[in-house]
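Single-structure report; data block below.
The values are calculated or read from the model by the stated rules, or taken from the named source; none is laboratory data. Keep in mind it's a predicted model, so treat the numbers as computed, not measured. Backbone-built Cβ (ideal geometry, glycine too); neighbour counts: all protein chains shown. Please note that ligands, DNA and RNA were not included when accessible areas were found on the heavy atoms of the full protein model with its side chains. Shrake-Rupley method; radii C 1.70, N 1.55, O 1.52, S 1.80 Å.
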Amino acid sequence: PANFNLNFSYLSPVCIKKYNQVSPILNPQFPSGGSFSSSSGLSINSSSGTINLLNSLPGTYMVTYNVNLNSVCGNATSGFLLEIKPYVSPVVTFNYPNTICSDSNSVSPILAQNFQSGGVFISSSNNLVLNQNTGIIDVSASQIGSYTVTYQYLGSLENCIASKSYSQQIEILAKPNYQSHYLAK
């Protein structure tokens with residue numbers, strides 16, 4: 001019948017950590033009295049269509065709504081494809097040499113495989129000249145001393161990536177002044 005509109009939708013993809021539950025978006029002519037269902041792994045309230053994300057597994061699901069319209073038209077079914085994404089922990093580890101000689105020009109961090117870019121490198125002191133985007137240390141402009149370098153990734157609920165940080169201690173030392181001593185024969 002023209003006064004029924006079975007179309008419905010959900011926010012998709014949806015991140016488990018961003019929301020505890022998600023409800024269907026229904027149009028004004030959506031017929032009541034039917035039931036929502038899906039395959040196993042999705043915790044769905046059959047009467048309201050509300051999905052409990054904390055009790056659901058990540059994956060892609062077809063959510064269906066089945067309703068008896070009337071005795072003449074019988075049952076009607078509509079569906080929506082919903083993607084539930086897990087909340088993942090990013091890789092943010094890096095490695096500098098623990099000791100750096102003051103006569104070096106610059107030192108770059110060695111980034112872990114699958115390093116999550118988009119964060120910032122932060123120094124424990126303004127005496128360490130550090131590029132916040134790349135993590136490159138300008139040793140020639142830095143002062144001798146001990147520092148902590150931290151990489152902070154704020155996370156992205158849009159992409160279901162957790163926030164995370166990683167730190168490493170480094171030390172810039174003066175290069176020893178070696179003097180050659182030759183033995184005369």
Taking the condition of being open to solvent by less than 50 Å² (accessible area, probe 1.4 Å) and either part of a loop (DSSP other than H, G, I, E, B) or touching a helix residue (DSSP H, G or I) at 6+ places or on another chain (Cβ under 7 Å) (or both), how many residues in segment 27-38 meet it?
5
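A quick yes/no check of all residues on (1) under 30 Å from residue 58 (Cβ atoms); (2) in contact with a Gly (Cβ under 9 Å, 6 or more places away or on another chain); (3) of a type in the set (S, T, N, Q); (4) in contact (Cβ under 8 Å) with a residue 24 or more places away in the chain:
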| position | (1), (2), (3), (4) |
| --- | --- |
| 98 | no, no, yes, yes |
| 103 | no, no, no, yes |
| 117 | yes, no, yes, no |
| 152 | yes, yes, yes, yes |
| 157 | yes, no, no, yes |
| 162 | yes, yes, no, yes |
Could you check segment 1-10 and list, in sequence order, the residues that are without any contact (Cβ under 8 Å) to a residue 60 or more places away in the chain and open to solvent by less than 80 Å² (accessible area, probe 1.4 Å)?
5
Are there any pairs with C-beta distances below 9 angstrom linking a residue in segment 58-72 that is touching a residue at least 40 places away in the same chain (Cβ under 8 Å) and closer than 30 Å to residue 159 by Cα to a residue that is open to solvent by 70 Å² or more (accessible area, probe 1.4 Å) and part of a strand (DSSP E or B), with the two at least 6 apart or on different chains, and if so which?
58/83; 63/81; 65/77
Name the residues in segment 52-64 that are under 20 Å from residue 7 (Cβ atoms) and either open to solvent by 60 Å² or more (accessible area, probe 1.4 Å) or touching a Cys at 6+ places or on another chain (Cβ under 9 Å) (or both), would you?
60, 62
Quick check on this structure: which one of 49, 41 is open to solvent by less than 40 Å² (accessible area, probe 1.4 Å), in contact with a Leu (Cβ under 6 Å, 6 or more places away or on another chain) and not in a strand (DSSP E or B)?
41
Taking segment 81-105 and keeping only residues that are farther than 30 Å from residue 50 by Cα, out of contact with any Ser or Thr (no Cβ under 7 Å at 6 or more places or on another chain) and open to solvent by 70 Å² or more (accessible area, probe 1.4 Å), one is left with 95, 98, 99, 103
Looking only at segment 14-26, which residues are open to solvent by less than 40 Å² (accessible area, probe 1.4 Å) and modelled with pLDDT of 85 or more?
14, 15, 22, 24
Looking at 87, 147, 153, can you tell me which residue is more than 30 Å from residue 43 (Cα to Cα) and out of contact with any Leu (no Cβ under 6 Å at 6 or more places or on another chain)?
153
